Amino acid sequence: MYGKFGSVECSRQVFDSIDRKDFYSWNLLLGAYARNCCVAEAKAIFDAMPKRNLVSWTTLLDLFAENGLLEEAKIVFERIPAWDVVAWTSMLVAYAQNGHLEETESLFSSMKEKNLVSWNAMLTSYSAYGNIQRVKDIFDMAPEWDLVSWTAILSAYAQNGHVDSALKIFDTMPVKDTIAFTAMLAAYASSGMVDQTVSMFKSMPYWNIVAWNVMLSAYAQHGHMKHAEQIFSLMPEQDIISLNGLLCGYARERNFAKAKSLFDSIPSKDLVSWNAMLAAYCYGSQLKFATMFFASMPDRDVVSWNVLLTAFSQHGLLEDTRTALDFVPDQDLASSSVMLAAYGNSGKVEFAKQYFHEMPLRDAACWNSLLAAYTHSGDLVNAKTVFDRLPHRNLISWNAMLSACSSYEELKRLKKPSKSSATHTSSRYIVWLFQKMIMDGLMPDDISFVSILNGYGHEGNVKIGWWYFQRMLPDFFLEPTKQHYTCVIDLLGRAGHLVDAHNLIYSMPFDPDTTDWTSLLGSCSSHKKNEQFGANVAELALELDPTRAAPYSLLANFYS
């Protein structure tokens, strides 16, 4: 009893007072140390036991597995005198928890008898690694399902952007607990479906701190910082995850002042806090201060290095990225992906290709970085080849291809995705990609619609472009952002609908900036209609930024 509540010393005192110790008393003491992660003490108790039964062996095996001591767990498993389904399952869980998928699969295939825990171990293992098809296959083969089984397949779909499939599973579940609700909540949040996230949050029977934190992060990650701050203030309790969620939101919004103020107020900062503040420096293009802050960090992990590498890469500092990469102590696939992106951002496509082919392992991010390298260089033929070869297409993959194809001039070199070899317009190809993405179970996000609107903008196809803009909220639960309004202003202007573009600038729920007025002035210059109208637009653009050269040159072109 004492061991369950963390009082190992009391458990030991009770044990020592027992005159005749049996299996039950020895195993109780062993379990007390195991539950409190006292690995060395538990091993000493195990070694001191005069006799051991299967409970003793599996308790030690589980302890080693839970603490990442896989080799020790394997030795214990091999020493068990007689394996039963519990022992097999304990070893299976040990492999699964430590990411050894091949060993997990091999052991599972060798098991003569499987119980529900065995099946669930396989499900959760493949779910954690995003192998959706294997999760579905195992789920379908399992003789029975419990809440863990349902949650595993729900999480597999949810964590990989398959919101529709996740929702079908959620609606089918005979019983739903807080974990299931939270998984579905996180699926909506990570897909940018903020309105749906809010609806799911409101429908939950109980809000634990995890649900509150998901809701806070949903707002923060998608630029709704006022709502994020409101959620933060309403939370009955806050933890370091809450603080870090708000801090990451300020960093993404490039609100350095609030990020720094919050960071300084956090009493017990963890590594996530430090990494978020580092990102705030990097997002704010303060690379000099970012490197100084990086040097002052009390601890760093591979995420810290990757944040700095990404900052160098995005600013075109190829040599700095390459030099910093050599110092990363534990390079992961994310580090390699950043290096690939650095080559792509610098226009070194051949280097990116060579680096990619030399990598011993590749994940979706690495494939996406190679895809981005080709799209950035305008090589859409090779970009499409890479896209077609992707072993797993996530939302980033689709968005990279949509973005590349939103350029009409480059797209002329692409073939129609069918048996026909006829070329076609950019809008038809982008719509085909867009619809195919949805058919594959992925919901479009803000970035997807930027590409759609840009594609129609390049062609001046106002009717369909405006239709997609109008369908964002009712059909896809996406609130149009400032960038979407900017795209539509450009769309209307390119097609000569200057008054409509002008009215949209005034009616949109955002303050117009110089980019909006300069875009409209460019359209006035292209169509050369109504000199007074153009002069008024130029005046509005210059009021916001009198030092910007573009409005002057466009106005001069308008009168030429």
So how long is each side of segment 187-231 along the principal axes, counting just the alpha-carbon atoms, biggest first, in Å?
27, 19, 13
For segment 153-224 and segment 251-277, what is the separation of their C-alpha centers, rounded to whole Å?
26
On alpha carbon coordinates alone, what is the Rg over Rh value for segment 194-305, Rh being the Kirkwood radius?
1.01
Viscosity 1.306 mPa s, temperature 10 °C: give me the Stokes-Einstein translational D for segment 198-254 in µm²/s, with Rh taken as the Kirkwood radius over C-alpha pairs.
142
q = 0.11, 0.13, 0.22, 0.26 Å⁻¹, segment 338-410: log10 I(q)/I(0) [Debye, one scatterer per Cα]:
-0.22, -0.31, -0.91, -1.25
For segment 62-103, alpha-carbon Rg over 2.2 N^0.38 Å:
1.04
Based on DSSP H runs of at least 4 residues, each adding -39500 (n - 2.57), what is the mean residue ellipticity at 222 nm of the chain after dividing by all its residues, to the nearest 500 deg cm²/dmol?
-22000 deg cm²/dmol
Hey, what does the equivalent ellipsoid look like for segment 256-359, semi-axes from the Cα gyration tensor as sqrt of 5 times each eigenvalue, largest first, whole Å?
27, 14, 10
Nearest 10 degrees, 0 to 90: helix 446-459 Cα axis against the chain principal axis
20
Under a plain spin-label model, where a point goes 7 Å from the Cα along Cα-to-Cβ, how far apart in nm are residue 432 and residue 111?
4.6
Show me the GluC sites (Glu not before Pro) within segment 41-125 that DSSP assigns to loop and that have at most 16 other Cβ atoms within 10 Å of their Cβ.
113
At 10 °C and 1.306 mPa s, grab the translational diffusion coefficient of segment 278-333 from Stokes-Einstein with a Kirkwood Rh over Cα pairs, rounded to a whole number in µm² per second.
141
Run the accessible area of the chain with a 1.4 Å probe and give the carbon-and-sulfur part as a rounded percent.
55
Let me know the whole percent of all Cα-Cα pairs from the chain that are separated by more than 41 Å.
36
How many times 2.2 N^0.38 Å is the alpha carbon radius of gyration of segment 47-126?
1.03
Taking just the C-alpha trace of segment 74-170, give me its Rg and Dmax in Å.
13.8, 48
Which residues does the label zone of residue 226 cover in segment 446-483, counting backbone N under 17 Å from a point 7 Å along Cα→Cβ?
479-483
How big is the Kirkwood radius of segment 424-482, worked out from every pair of different alpha carbons and given in Å to one decimal?
11.7
Which value in nm describes the separation of the simple spin-label points at residue 67 and residue 265, placed 7 Å from the Cα toward the beta carbon?
4.0
For the chain: accessible area per residue (Å², 1.4 Å)
49
How far is helix 302-314 tilted, in degrees, relative to the longest principal axis of the Cα atoms in the chain, given as a value from 0 to 90 rounded to the nearest 10?
10
Once both label points are put 7 Å beyond Cα along the C-beta direction, the residue 24-residue 233 separation in nm becomes 5.8
One finds, for residue 175 and residue 208 with R0 = 22 angstrom and r their Cβ-Cβ distance, a FRET efficiency to the nearest 0.05 of 0.80
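The values are calculated or read from the model by the stated rules, or taken from the named source; none is laboratory data. The structure presented is a predicted model; accordingly, all values stated were derived computationally and were not measured. Here the Cβ is made from the backbone with ideal geometry for all residues, glycine too, and neighbour counts use every protein chain on show. To get the accessible areas, we keep the full protein, side chains included, count just its heavy atoms, and leave off ligands, DNA and RNA. Shrake-Rupley method; radii C 1.70, N 1.55, O 1.52, S 1.80 Å.
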